[in-house]
Amino acid sequence: MKNKTYCLFTWCMIVVLCFALLPTVFARFRAETTNQHVVVSYLLDENNTCLPLQQMDAFIEKYQSIGVNTLTIQEKSLSALENKGLVKSVTYSELLQDLDDESMAVAAALENAPRIAPSSLILMGKRDAGKAFLTKAVPLRYAADTYGFYQLDTLDVFCFWENSFSPDEFFVGYDESEFQYAAQKNMAISMCFVGRTYDNAAYLEEMNRLIQTYHVQYLNLKGENTAVKENNRKQSARLAEILQENNMTLLLTETKNQISNQMPADFADMIKNRAYPVARAFETNDFRKEDATQFSFRYYQFLNSLIDRNLRFFHVTRINAPGKTAYESAEDTFEATKRFTEKLQASGYTLQPIATDYADYSVNTKLSSGILLTILGICMLYMVYLVFGKPLPILTICMLLAIPFTLIVPDNYLALYPSVFAALFPCFLITVVFWTVRRVRNRFGTLVLLTIVFGESLIGLCLVGYLQGAALAGADYYLNIMVFRGTKLALLFPILYSIPLYYWMFIKKDGCTIWQDIKKLAKAKISVYQIGIIAIVALALAIYILRSGSVQQISSMEYTLRNRITDIFTIRPRTKEFLIGYPCLFLFVYSSKKAKSVWVPFLFAAGSALLFASVMNSFCHVFTNLATIYLRTVYGAAVGVLFGSIAIALAYLIFRCIRHNQKL
């Protein structure tokens, strides 16, 4: 009776504290579900350098016909200017190796320059248009002490004394004719700004002039720098004023690894102290080069970015397919964009300017963290009761002190809380499931036991997902002001925890020491099929740990499987859950009743721990809508039942064959 009272008391405390988190979770849910507007923007610069004006006009009209009414204009890089034949760029060391008259003349002019170095970057304006562009843009963007200017008979030469950027990364300035073109086509404008190579305040005023003249709606801040330029940090306040004065939306571009935003360190304060809408933008990165044969890869890039990572602004960059003309590649790009716009509208999104700011909601992070720490402490004490049978009611009540403790903890320590929750809450669920299997496996049939464990697991996963969703609520995680860390640990720790837990609950014998039990296990006979199971489960767990969190290590076969599942569900369930997690959970329950050896259920128990770690990892995706994660969890459970049932059928046949052979 005493134990039942303790259990009831514990769960009542957990339920009450969960209700206290409702305002936090509701604020996040409301902000996410009201953010259904999507902007698809055609990157003008990249295509404008590859297509004649007549073909460009035709493509712009085609994009407008599918709802793409925004053009992205970015600063001209050296590569873009060289492609147009306006500029030639070389390093000083390369210049000295050229023996043509032009190079020798430039080398002679720079011979006595006091700050010249082998790595110095030299820009040569060759045509009148190139000279005019450099003469206007360079003094605006770069401080006068960073370069020297030399005027020769046929060339205007700018020599940058120190340079660490490639031609693709070295930006010069905007081409105003592109703004004029966008205005002529009556299209909205997104303006890209790469902060890491900028160091002159006059450039901001030129940007402000373009913004006001052509009614630019979006400013896309790009680039990451390792060293903070204090001058830029001061000037970022002026850029924030420009955004606010012109009612603009700030766009942060996602990094290539898809787990954070590009955030130039010089402008971090501008993002933290924002007084304007902020949204995340996606720019395609074809690291797999699959568009060489099909444009569908770009379509799935767009779709997965919209659903999985909650991106709302998409820059359409032209597919660079080997063996295809610029026109053919532009056609492929249009087809991928058309499929995407049709799919997003069919999924309930609208192609409209971003009307709501996803980041415009706040939560009491300290109070929520304190409540969550209290719940975690209560769960840990309840785990002690389930494993050792010792209720700890006094300590359970004392866990309420975690709330005032958290309120006085320095803010920088709060970033550790979600990582701790992500590692330990799955351990709580694993303990509950193992306890249930041990307690009732001999009281119910296999089907009833499977139903109980499956229902308990799914409800528990939804509960801890709710808690983790509260832990990661707020704009700070969305904007990467606070970063969730410890992903690998959160994935690995629950699996490692399941090993000693299984030993204690299912193997440990009264009166035997741990070493005696280990010796017995070491002497136990292992059959060939058991070795096979060990190898399969171990391989699956290894792939799961090594592959998680890296989008650039996915095989072509897995990409194909993901795309087919996306076609069915749109919100794609995670393959590791329904292919590994749920089958292992079902087989753990089944083998706990049927297998005589402790090795088989033990391996499946470790595999089932992967399920709890993986689902919790889904709720740690700070950019994904909470509703989307819940749907993904439910879809994964539905498909997991199918694969789990298949696994049970195969296990039944294997056990039957083994028993038949034993009789023979």
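Any idea how many residues of segment 85-114 are of a type outside the set (A, V, I, L, M) and either open to solvent by 70 Å² or more (accessible area, probe 1.4 Å) or touching a Phe, Trp or Tyr at 6+ places or on another chain (Cβ under 9 Å) (or both)? Let's see the steps before the verdict.
So in segment 85-114, the residues of a type outside the set (A, V, I, L, M) come out as 85, 88-89, 91-94, 97-98, 100-103, 111-112, 114.
Filter once more, keeping what is either open to solvent by 70 Å² or more (accessible area, probe 1.4 Å) or touching a Phe, Trp or Tyr at 6+ places or on another chain (Cβ under 9 Å) (or both): 89, 94, 97, 101, 111-112, 114.
Adding up the residues that qualify gives 7.
When you scan segment 57-67, do you find a residue that is within 25 Å of the chain's Cα centre (by Cα), modelled with pLDDT of 85 or more and surrounded by 19 or more Cβ atoms within 10 Å (Cβ to Cβ), even just one? Break it down into steps so the answer makes sense when it comes.
Filtering segment 57-67 down to residues within 25 Å of the chain's Cα centre (by Cα) leaves none.
No, that holds for no residue.
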- Message: I'd like to know if segment 32-44 contains one or more residues that are modelled with pLDDT under 85 and either touching a strand residue (DSSP E or B) at 6+ places or on another chain (Cβ under 8 Å) or among the hydrophobic types (A, V, I, L, M, F, W, C) (or both).
- Response: yes
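Scan segment 1-26 residue by residue and report those that are under 23 Å from S362 (Cα atoms) and touching a Ser or Thr at 6+ places or on another chain (Cβ under 8 Å). Give the derivation first.
The initial filter retains those residues of segment 1-26 that are under 23 Å from S362 (Cα atoms), namely 16-26.
Of everything in segment 1-26, those that are under 23 Å from S362 (Cα atoms) and touching a Ser or Thr at 6+ places or on another chain (Cβ under 8 Å) turn out to be L17, L21, T24.
Being crowded, with 21+ Cβ neighbours inside 10 Å, at negative phi and either at pLDDT 85 or above or not in a loop (DSSP other than H, G, I, E, B) (or both) narrows it down to one of L204, L210, L221, so name that one. Give the derivation first.
Details: L204 fails: crowded, with 21+ Cβ neighbours inside 10 Å; L210 fails: crowded, with 21+ Cβ neighbours inside 10 Å.
Only one candidate passes the filter, namely L221.
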- Go through (1) open to solvent by less than 10 Å² (accessible area, probe 1.4 Å); (2) farther than 16 Å from L81 by Cβ one by one and return the number of the condition A143 breaks. (1)
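Does segment 642-657 hold any residues that are of a type in the set (A, V, I, L, M, F, W, C) and surrounded by 16 or more Cβ atoms within 10 Å (Cβ to Cβ), and which are they? Explain how you work it out, then say what you get.
Within segment 642-657, the first condition is being of a type in the set (A, V, I, L, M, F, W, C), and the residues that meet it are 642-643, 646-651, 653-655, 657.
Passing the criteria: F643, A647, I648, A651, F655.
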- Out of (1) free of Cβ contacts under 8 Å to residues at least 12 places away in the same chain; (2) in contact with a Pro (Cβ under 9 Å, 6 or more places away or on another chain); (3) closer than 30 Å to V39 by Cβ, the one F149 does not meet is (3)
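Filter segment 451-464 for residues that are in contact with a Ser or Thr (Cβ under 9 Å, 6 or more places away or on another chain), of a type outside the set (S, T, Y) and either surrounded by 21 or more Cβ atoms within 10 Å (Cβ to Cβ) or under 18 Å from P583 (Cα atoms) (or both) and give the result.
Step one: list which residues in segment 451-464 are in contact with a Ser or Thr (Cβ under 9 Å, 6 or more places away or on another chain), which gives 452-453, 456-458, 461-462.
From what's left, of a type outside the set (S, T, Y): 452-453, 456, 458, 461-462.
I452, V453, E456, L458, L461, listed by residue number.
Would you point out which residue out of K289, K338 is open to solvent by 50 Å² or more (accessible area, probe 1.4 Å), at pLDDT below 90 and farther than 30 Å from T10 by Cα? Before you say what the answer is, go through the steps one by one.
Details: K338 fails: at pLDDT below 90.
Being open to solvent by 50 Å² or more (accessible area, probe 1.4 Å), at pLDDT below 90 and farther than 30 Å from T10 by Cα holds for just one of K289, K338, which is K289.
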- Message: Among the residues in segment 186-200, are any among the acidic types (D, E), at pLDDT 80 or above and buried (at least 16 other Cβ atoms within 10 Å of the Cβ)?
- Response: no
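Hand me the list of helices (runs of 4 or more DSSP H) wholly inside segment 370-449 holding 2 or more residues that are open to solvent by less than 50 Å² (accessible area, probe 1.4 Å) and closer than 18 Å to A490 by Cα. Before the answer, list the steps.
Numbers: elements: 393-398, 402-408, 417-440.
Output list reads 417-440.
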- Message: Going by what's in this entry, would T5 be described as hydroxyl-bearing (S, T, Y), at pLDDT 85 or above and touching a helix residue (DSSP H, G or I) at 6+ places or on another chain (Cβ under 8 Å)?
- Response: no
- Query: Just checking, how many residues over segment 111-139 are in contact with a Ser or Thr (Cβ under 8 Å, 6 or more places away or on another chain) and assigned to a helix (DSSP H, G or I)?
  - Reply: 0
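Looking at segment 21-43, which of its residues are assigned to a helix (DSSP H, G or I) and open to solvent by 50 Å² or more (accessible area, probe 1.4 Å)?
Restricting attention to segment 21-43, the residues satisfying the condition of being assigned to a helix (DSSP H, G or I) are 22-33.
Scanning segment 21-43 gives L22, P23, F26, F29, R30, T33.
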- Task: Report, by residue number, each residue of segment 83-105 that is within 14 Å of D175 (Cβ to Cβ) and either part of a helix (DSSP H, G or I) or in contact with a helix residue (DSSP H, G or I) (Cβ under 6 Å, 6 or more places away or on another chain) (or both).
- Result: N83, L86, V87
- Task: Could you list all residues from segment 316-332 that are touching a Phe, Trp or Tyr at 6+ places or on another chain (Cβ under 7 Å) and under 27 Å from F193 (Cβ atoms)?
- Result: V316, I319, A330
- Can you tell me which residue among S614, S608 is within 30 Å of N261 (Cβ to Cβ) and open to solvent by less than 50 Å² (accessible area, probe 1.4 Å)? S614
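The values are calculated or read from the model by the stated rules, or taken from the named source; none is laboratory data. Just so you know, these numbers come straight off a predicted model, no measurement behind them. Glycine gets a Cβ as well: all are built from the backbone with ideal geometry, and neighbour counts include every protein chain shown. Just so you know, the surface numbers come from the protein's heavy atoms only, side chains and all, with ligands and any DNA or RNA stripped out. Shrake-Rupley method; radii C 1.70, N 1.55, O 1.52, S 1.80 Å.
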